[in-house]
1. What's the exposure ranking of 125, 64, 22, going from fewest to most Cβ atoms within 10 Å?
2. Residue separation times 0.36 nm, minus the C-alpha to C-alpha distance between residue 72 and residue 95: what's the value?
3. Taking θ = phi - 60°, what integer Hz values does the Karplus form 6.51 cos²θ - 1.76 cosθ + 1.60 yield along the stretch 12-17, in sequence order, with x for Gly and Pro?
4. Looking at the square roots a ≥ b ≥ c of the eigenvalues of the Cα gyration tensor of the stretch 67-125, which shape do they give, rounded for a/c under 1.5, prolate if a/b is larger than b/c, or oblate?
5. Residue 64's amide H: which non-local residues (gap 5+, or another chain) put their own amide H closer than 5 Å, with H modeled 1.01 Å from N in plane and none for Pro or chain starts?
6. With θ set to phi - 60°, apply the Karplus curve 6.51 cos²θ - 1.76 cosθ + 1.60 along the stretch 88-104 and write out the HN-Hα couplings as whole Hz, x wherever there is a Gly or Pro.
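Read-outs: derived from the displayed coordinates by stated rules, not from any lab. Small disclaimer: the values here were computed from a predicted structure and weren't measured. All Cβ positions, glycine included, derive from the backbone under ideal geometry; neighbour counts span all protein chains shown.
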Amino acid sequence: METISGKKMPAERIIIVFAACVFGVMFIYNAFFIPEVPPEVYNSGNISYEKTAGAKIEKSDGKVNLNTAKRKDLIDGIPGVGEKIASRIVSYREAYGGFKSTEEIMNIKGIGEKLFEKIKDYVTV
C-alpha cells in the first residue's frame with residue numbers, strides 16, 4: 001500500500017490508524033448518543049428508575065430495597081453499611097433467594113439489633 005508521497009505504509013501504521021478511527025467513533029457515539037439520566041429523575045426518592053441498561057433499582061419512600069439494590073446503593077443509602085456488609089447482604093440474598101422481611105438483615109454478620117435499630121427506617125423488601 002502506498003501513501004500520497006509514494007512510500008509504502010507499514011502494517012503497524014495501518015493498524016494504529018484503524019484503531020484510532022474505531023476509538024474516535026466510539027468516543028463520539030458515547031459522548032453524543034447515549035442518553036443521560038437527568039439529575040432530578042436520578043435523585044428523586046419515590047420512583048423506580050433505570051440506572052444503567054438492564055439494572056433496575058427500586059426505591060420506595062426513599063428506602064433502599066434489600067432484594068434489588070446493588071452494593072454501591074446499599075453503601076450510599078444505608079448509614080453504617082460499608083463495603084464488607086454490603087457484600088454480605090448481596091451474597092445472602094443470592095444464597096437464600098432474597099429477604100422476606102427487613103428483620104432478616106440481622107442474619108448478616110456485623111448487623112445486630114443495635115445497628116438494625118439505626119437502619120430499619122432506611123431499608124425495605
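1. Values: 125 17, 64 23, 22 10.
Lowest to highest Cβ neighbour count: 22, 125, 64.
2. Working: separation 23, 0.36 × 23 = 8.28 nm, distance 1.93 nm.
Difference between extended and current length: 6.3 nm.
3. Each residue's phi maps through the Karplus curve to give 4, 5, 4, 5, 5, 5 Hz.
4. Working: a/c = 1.35, a/b = 1.13, b/c = 1.20.
Rounded, since a/c falls under 1.5.
5. 123, 124
6. Listing the rounded values in order: 5, 5, 5, 4, 4, 5, 5, 6, 10, x, x, 8, 8, 8, 5, 5, 5 Hz.
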